[in-house]
Structure formats: C-alpha cells, structure tokens
Amino acid sequence: MTVIKQFGWLCIFVLSTSTLVAQSKLLQSGPMVGYSTMKEVLLWVQTKKAAKVYFKYWEEGKPQTKMSTPAVLTKAKTGFVAKVVAEVSQGKKYAYELYINNRLVKRPYPLKFQSQTLWQYRTDPPPFKFVFGSCAYVNEPEVDRPGKSYGGDFHIFKTILDQKPDFMVWGGDNVYLREVDWNSRTGIMQRYTHTRSLPELQPLWGSVHHFATWDDHDFGPDNSDGSFWNKELTTEAFKLFWGNPNYGVAGGISGTFTWNDVQFFLMDNRYFRTSSNPQLQKPQMLGDRQLQWLVEALKYSRASFKFVVVGSQVLNNTDFSKAYWAENYSKYKVEQQKLIKAIKEANVRGVVFLTGDRHHTELSKLEQNTHYPLYDVTISPFTAGASGKRGEGEKNTLRVPNTYVGVRNFAVMEVKGPRRNRVLTMKVLDSKGKEMWKYEIKARDLRKK
C-alpha cells in the first residue's frame, strides 16, 4: 500500500503497481466458464500456490449491481483449482472479474457468461451456436517425441472464439498424457496444468461455456482400456479441470446436460472398456450399466436433438480388427448393434453422434435397419497432428461424400427454428476459419416415418 493523501484521521490508499502484478502472478490458468443453468453458472480458476479466490459479477450494462461468489481457498492437494458457483437469474448475460487474495486480477480480454433462458410454455426455444471438436495437443519439448513438434496451429482457438459460440463441447483427447505422466498423480496433474495454461486458450476459457468428455489420451496411454492402473487418478484430474454439471451418472465420467431444447449425453468410452479381442466372452466399450442408462435416458428425453458424445467413432464401418493403431465401435460390434437396435426399438427420435479421436473429420450416415438416418459427426483434430490424406482411403462405406478433412479443424453447429421444426446446421472450418463443408439436418427427419 502507498499513502497518497492524509486528511486528519482519514488516509486514502492506492495499490502499488508491484502489488497488482504480484496478484496476477498468482494466476496459473483461467478463469474458465463451465456449465450454465437457469439458476447458476460454474466459474473455474487455477492458481500457482494456495490463495483465496472469488468472483464479482453483474448483469451486462449494470455494473452498479455487482454480486459476489463465495470465496474458496485453493490447495496443493487439488491442484490449486477452485470451482465456484455464481447464482444467476434466467436468460441473462453477465460480465465478471476475478479476485485473488482480495485483489482484482485484470485480464486483457472480455470475461463474461450467460444463464439459460426459461422458454418452455412461453416461446419457441432460442437459437444457439456451439463448437465441437477433439484432439488438442500442447507441445512440451522436454518430454515430447524427438523430431517435428506434434502440436501446432494454436491460433485455432482464436478462430473458434471469433465464431462467438455460446458454448463448446470437447470430444476427447483434450489433454495428451505422456510416458512421464502415466505413473504418478504429479505427472497427471502437471499435464493437465500445462495444457490448460496455453496462452492462446485463455480468452476462450474466459467467455465461452465449456463441457467435455474424454478419450484414451486424457484417460491414459494410447488406446488404453479399463485395465489402466491409474484410471482413478485421471478420473480425479478430469473432474477437477472440467466444469460439467455432473459426473458418473452411469459410472466413470459419464454425464448429461441440456441447452435450450437440446440434450447432450457425455459418454465414457474408456473406464469400462475391455479388450476388443474376440476370444473374450463379452468385449465392451461402454459396458452394460452405461449402455442401459443411455438407452433409458434417450427414451425419456424430449429434446429435439439428442447428441451422444463419444470419444471413439460409432458408425464408421471400416474393419480395424487387425489394426492395433485404429479404433472404432465396430471393434465391439455386438455392443454397437445392441445400441443401434435399442434406439430403433424404443423409437427414440433425434439421435446424432458426436465423435473424435481419428485426426481427421468425416460425416457418416447409416440408413439400413433404422427408422431414420443415424449420423456420426467425427471432428478431429484441433491442434494434434492431422492425418492428411492417410484416412481418405479407409473403407468407411457410410462416409457422406466430400466430408473428409485431413487438416486441423473444428465444427460450428447452430440450432434454430420454431420448436416443431428445429434445424441443425453444421459447418466445418479449418484453423484459419476457411469453410471446408456444410451440412443441414432437420429434426423432423430424425424420427420414424
């Protein structure tokens, strides 16, 4: 503190520049905006050491109405992560600011969030836009493989932010654990911290809501299954570093959330996964409990679109039985067909699969033995190495022509229209924002004729 004026008993103080800098230096990553409901929004932040953190927030254009969240003390045991709930009113947009040890920490980009709208029985559901993708590799030369850096085009995250999405869904391989990480809690937490702290990501964390599921690289080693010895540690890290509204509703990190009239089902394709060896009596990717929950939840849902988010491709019918390096649900054909059959028999409307993993993008469309076309929207990668033309020759007979993309990319998905005639428009953009392809799906076409 520096005294700048004294009037008798009254002293006026200002913070020195060094004090403000000291507080900002305590910030490791974030803040990040997590889930949003009509009554609360999750805010996330990570500090470099133990500190007290809280947020002040206000309805946009009304800074005089500032509210404050509870204060949370970050601890080494939980990676110096704080997850704080802001109580909100429905259908509002808010600005916010971060405080560490009671001092304002300014960010050189906007910090904002929104609550969801109460539209039911009142109006048509509002239009909204979200981004989907997978495979975000952040380089660390000391522990990366020798040679050319595997990660790149980190400007993609600014390109994503420029699309002004309401939220973002991360489809797995959001973090790439390395050999130095797999065997210790220290390594796992350091990898999550290193990835989360990428400078190009910070503005995106600050004003777009984020949801996530995982795949093999944020779960464990490449192509890992439920036998991974430290899966409880990676489960702990995933829950600490992401802001989903729920975890483990069907075991593992599975969960669900809604946005307006759409519901997302975030599936765990690793925790219960067995070997795909056909000599095993019952190879499985999701497992009985999770599969049963998914089918029942899909049957119950009244959403216009029901997005099932899975790390591995669901519909790609390329035979990978002899390819140890490639995975899809076809390696677990009995369980795959059980799910597809259940969707048909239960007459579930509006199902669309969102998948990642493959380091290329493609749209698969299944029309045989279904009531309506089932789509699998595979979007990959964000910043990991892209497959180029390597995957173009795969024998996926369900691939929609001209939807293969072998460069770093992401999908912008917009839902709009009257309640009974909702339309999903998908646009795939490369890292600089160039449109690669566009596709439209009407909700009324995703139901039994």
Flag if residue 314 is in contact (Cβ under 8 Å) with a residue 60 or more places away in the chain, among the hydrophobic types (A, V, I, L, M, F, W, C) and open to solvent by less than 10 Å² (accessible area, probe 1.4 Å): yes
Elements of type helices (runs of 4 or more DSSP H) contained in region 131-238, each with 2 or more residues being of a type in the set (Asp, Glu): 216-219
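Residue 120: free of Cβ contacts under 8 Å to residues at least 24 places away in the same chain, open to solvent by less than 70 Å² (accessible area, probe 1.4 Å), under 21 Å from residue 259 (Cα atoms) and polar (S, T, N, Q), yes or no?
Yes: the conditions hold for residue 120.
Per-residue answers, yes or no, for (1) at pLDDT 95 or above; (2) surrounded by 15 or more Cβ atoms within 10 Å (Cβ to Cβ); (3) within 22 Å of residue 378 (Cα to Cα); (4) touching a His at 6+ places or on another chain (Cβ under 8 Å):
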residue: 125; (1), (2), (3), (4): yes, yes, no, no
residue: 130; (1), (2), (3), (4): yes, yes, yes, no
residue: 157; (1), (2), (3), (4): yes, yes, yes, no
residue: 161; (1), (2), (3), (4): yes, yes, yes, no
residue: 166; (1), (2), (3), (4): yes, yes, yes, yes
Selection count, region 86-111, where residues are surrounded by 15 or more Cβ atoms within 10 Å (Cβ to Cβ) and under 21 Å from the mean Cα position of the chain (by Cα): 2
Failed condition for residue 297, given (1) free of Cβ contacts under 8 Å to residues at least 12 places away in the same chain; (2) over 14 Å from the mean Cα position of the chain (by Cα): (1)
Residues of region 331-368 satisfying the condition of being in contact with an Asp or Glu (Cβ under 7 Å, 6 or more places away or on another chain) and either open to solvent by 10 Å² or more (accessible area, probe 1.4 Å) or aromatic (Phe, Trp, Tyr) (or both): 353, 357
Some residue of region 230-246 being farther than 25 Å from residue 33 by Cα and either touching a residue at least 24 places away in the same chain (Cβ under 8 Å) or touching a Cys at 6+ places or on another chain (Cβ under 9 Å) (or both): yes
Any chance residue 282 is open to solvent by 10 Å² or more (accessible area, probe 1.4 Å), among the basic types (Lys, Arg) and in contact with a helix residue (DSSP H, G or I) (Cβ under 8 Å, 6 or more places away or on another chain): yes
Pairs where the first residue, in region 406-430, is more than 13 Å from residue 441 (Cβ to Cβ) and without any contact (Cβ under 8 Å) to a residue 12 or more places away in the chain and the second is small (Gly, Ala, Ser) and part of a strand (DSSP E or B), C-beta under 7 Å, 6+ apart: none
Near pairs, Cβ below 8 angstrom, 6+ apart or cross-chain, from region 35-54 (surrounded by 21 or more Cβ atoms within 10 Å (Cβ to Cβ)) to any residue that is assigned to a strand (DSSP E or B) and among the basic types (Lys, Arg): 42/83; 43/83; 44/83
For residue 125: the one exception among (1) at positive phi; (2) in contact with a helix residue (DSSP H, G or I) (Cβ under 9 Å, 6 or more places away or on another chain): (1)
Test: residue in region 325-339 that is under 24 Å from residue 253 (Cβ atoms), aromatic (Phe, Trp, Tyr), touching a residue at least 60 places away in the same chain (Cβ under 8 Å) and in contact with a Leu (Cβ under 8 Å, 6 or more places away or on another chain): no
Within region 370-430, strands (runs of 3 or more DSSP E) holding 1 or more residues that are farther than 17 Å from residue 307 by Cα and open to solvent by 40 Å² or more (accessible area, probe 1.4 Å): none
Filter result for the condition that a residue is of a type outside the set (Ser, Thr, Tyr), in a strand (DSSP E or B) and over 20 Å from residue 166 (Cα atoms), over 98, 42: 98
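The values are calculated or read from the model by the stated rules, or taken from the named source; none is laboratory data. Because the structure is a prediction, the values reported are computed rather than measured. Please note: Cβ atoms are built from the backbone with ideal geometry, for glycine as well, and neighbour counts cover all protein chains shown. We work out accessible area using only protein heavy atoms, side chains counted, and drop any ligands, DNA or RNA first. Shrake-Rupley method; radii C 1.70, N 1.55, O 1.52, S 1.80 Å.
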